[in-house]
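Some notes on the structure that comes next.
The values are calculated or read from the model by the stated rules, or taken from the named source; none is laboratory data. All values derive from a computational prediction rather than experimental measurement. All Cβ positions, even for glycine, are placed from backbone atoms using ideal geometry, and neighbour counts span all protein chains on display.
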Amino acid sequence: MTRVSRSLFGDLDVEVELDAPIGVRSWFCAGGRADFLVKPRTPDALAELLRRCRQVDTPVRIMGEGANLLVDDDGVSGIVVRLDDPAFRRIEHNVDGQLELVRVGAGADLARTLMDFARGGIAGLESLMGVPASIGGAVRMNAGGVYGEIGNAVHAVACLDAGGENRVYTADELRFDYRSTNIVDPIILWAVFRVTQENPVTLRERIKEIAAYKKRTQPLGEKSAGCMYRNPIDPATGERVSAGQIIDEAGLKGLRHGSATVSTRHANFFTVERNGRARDAIELGDLVRAKILDARGIELRREVVVWDRSNPGGIEDA
């Protein structure tokens, strides 16, 4: 274990789990442990923890829903923070007295949030149906798909910077690009979304349509974490192309490495069998990336975040 002093969190309002099995809590259901999993109960405790870790150069990683994460089988050092206390999952309507603004805590589950919205006839996030993520992770990576991206609905975002200080950014200060934002602060606290009122029945029908599409095209019943790679720019055309289509055209559907397989339903989804190894999925990804570079001259970039002990820090972006 990393030499992390309990003085970092011993007097703070936090829950601490030693040698926590975070890999099996990810959507891949594979991988190693965190030396320390810390769950703050208040924003103040989180801010103080971040300040202390910075002072002694202790690595901090933020784990959302584990939906976009591969944890190496050897686990990770330092501290992993998880924002699953109710203090970080609140939904507040009528922000600043405006019906069209809703504040959602970064630790809230995206799927549950959009279903809560739908039941109340609140439209704005339904295009994210089927995207596994926490609200904070979804905002950081501008999660989305063929139906839209979360950045389209963002009005403001609050963060903690590396020194534990609060920062609030308006939509004018934020930039949302393909699977990325200009947010550099290590922790997102909440986001305010622009919403509209719609007929709940109409909204539910739209959600059903999106859910049906995802069910037809993605291996939702298997141990996977969504797309392994971002859709790249084809150097020959300058256009963004589907990573799944490129992998499929290279004949790599069904390619297997140990316990990991390129899905036969969607070539940009990698699956891990029950009791499999995270490293198999990591190595399979490296193998596919090398084959695509050799065959097409296209460099694939991971969308899934990989944590290991050689990397001193990082943010789980979902």
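Of the residues making up region 250-278, those that are surrounded by fewer than 21 Cβ atoms within 10 Å (Cβ to Cβ), among the aliphatic types (A, V, I, L, M) and in contact with a strand residue (DSSP E or B) (Cβ under 7 Å, 6 or more places away or on another chain) are LEU252, LEU255.
If only residues of region 106-121 that are part of a helix (DSSP H, G or I) and in contact with a Leu (Cβ under 7 Å, 6 or more places away or on another chain) are counted, the one that is surrounded by the most Cβ atoms within 10 Å (Cβ to Cβ) is LEU110.
In region 42-98, the qualifying residues are those that are outside the structural domain of GLY31 (by TED's automatic domain parsing) and polar (S, T, N, Q), and the one that is surrounded by the most Cβ atoms within 10 Å (Cβ to Cβ) is GLN98. Here region 8-25 is the region considered, the condition is being in contact with a helix residue (DSSP H, G or I) (Cβ under 8 Å, 6 or more places away or on another chain) and not in a strand (DSSP E or B), and the residue that is nearest to ALA225 (Cα to Cα) is GLY23. Evaluated against (1) touching a Gly at 6+ places or on another chain (Cβ under 9 Å); (2) in the same structural domain as ALA111 (by TED's automatic domain parsing); (3) within 29 Å of LYS39 (Cα to Cα); (4) not aromatic (Phe, Trp, Tyr), ASP185 falls short on exactly one condition, (1). Quick check on GLY297: is it surrounded by 14 or more Cβ atoms within 10 Å (Cβ to Cβ) and either touching a residue at least 24 places away in the same chain (Cβ under 8 Å) or closer than 21 Å to SER26 by Cβ (or both)? No; evaluated as a whole, the condition is false for this residue. Assess whether ARG206 counts as being touching a helix residue (DSSP H, G or I) at 6+ places or on another chain (Cβ under 8 Å), surrounded by 15 or more Cβ atoms within 10 Å (Cβ to Cβ) and of a type in the set (Lys, Arg). Yes: the conditions hold for ARG206. Contact map, region 94-118: first residue over 20 Å from VAL201 (Cβ atoms), second residue buried (at least 17 other Cβ atoms within 10 Å of the Cβ) and acidic (Asp, Glu), Cβ cut-off under 8 Å, separation 6 or more or different chains; pairs are GLY107/ASP84; GLY107/ASP85; ASP109/GLU65; LEU110/GLU65.
State which residue is surrounded by the fewest Cβ atoms within 10 Å (Cβ to Cβ) when the search covers only region 137-163 and only residues that are assigned to a helix (DSSP H, G or I) and not basic (Lys, Arg). Before the answer, list the steps.
Start the filter on region 137-163 by keeping residues that are assigned to a helix (DSSP H, G or I), which leaves 137-140, 150-153.
Right, trim to not basic (Lys, Arg) and you get 137-139, 150-153.
Numbers: GLY137: 29, ALA138: 33, VAL139: 28, ILE150: 25, GLY151: 20, ASN152: 14, ALA153: 22.
Here the answer is ASN152.
In region 122-136, the qualifying residues are those that are over 24 Å from VAL305 (Cα atoms) and not in a strand (DSSP E or B), and the one that is farthest from the chain's Cα centre (by Cα) is GLY124. State whether the residues of region 132-146 include one that is assigned by TED's automatic domain parsing to the domain that holds ILE210, in contact with a His (Cβ under 6 Å, 6 or more places away or on another chain) and either among the small types (Gly, Ala, Ser) or within 12 Å of ILE187 (Cα to Cα) (or both). Checking region 132-146: not a single residue is assigned by TED's automatic domain parsing to the domain that holds ILE210, in contact with a His (Cβ under 6 Å, 6 or more places away or on another chain) and either among the small types (Gly, Ala, Ser) or within 12 Å of ILE187 (Cα to Cα) (or both). Kindly establish whether ASP172 is surrounded by fewer than 18 Cβ atoms within 10 Å (Cβ to Cβ), closer than 15 Å to ILE62 by Cβ and not hydroxyl-bearing (Ser, Thr, Tyr). In short, no.
Kindly indicate whether ILE183 is of a type in the set (Val, Ile, Thr), surrounded by 14 or more Cβ atoms within 10 Å (Cβ to Cβ) and outside any loop (DSSP other than H, G, I, E, B). So ILE183 fails the test.
When residues in region 231-249 are screened for being more than 22 Å from ARG279 (Cα to Cα), in contact with a strand residue (DSSP E or B) (Cβ under 8 Å, 6 or more places away or on another chain) and among the β-branched types (Val, Ile, Thr), 2 of them pass. Are any of the residues in region 227-249 aliphatic (A, V, I, L, M), closer than 19 Å to LEU110 by Cβ and surrounded by 15 or more Cβ atoms within 10 Å (Cβ to Cβ)? Looking through region 227-249, none of the residues is aliphatic (A, V, I, L, M), closer than 19 Å to LEU110 by Cβ and surrounded by 15 or more Cβ atoms within 10 Å (Cβ to Cβ).
Look at region 122-147: where a residue is free of Cβ contacts under 8 Å to residues at least 60 places away in the same chain and a partner is assigned to a strand (DSSP E or B) and of a type in the set (D, E, K, R), sitting 6+ places away or on another chain with Cβ atoms under 7 Å, you get ASN142/GLU149; ASN142/ASP177.
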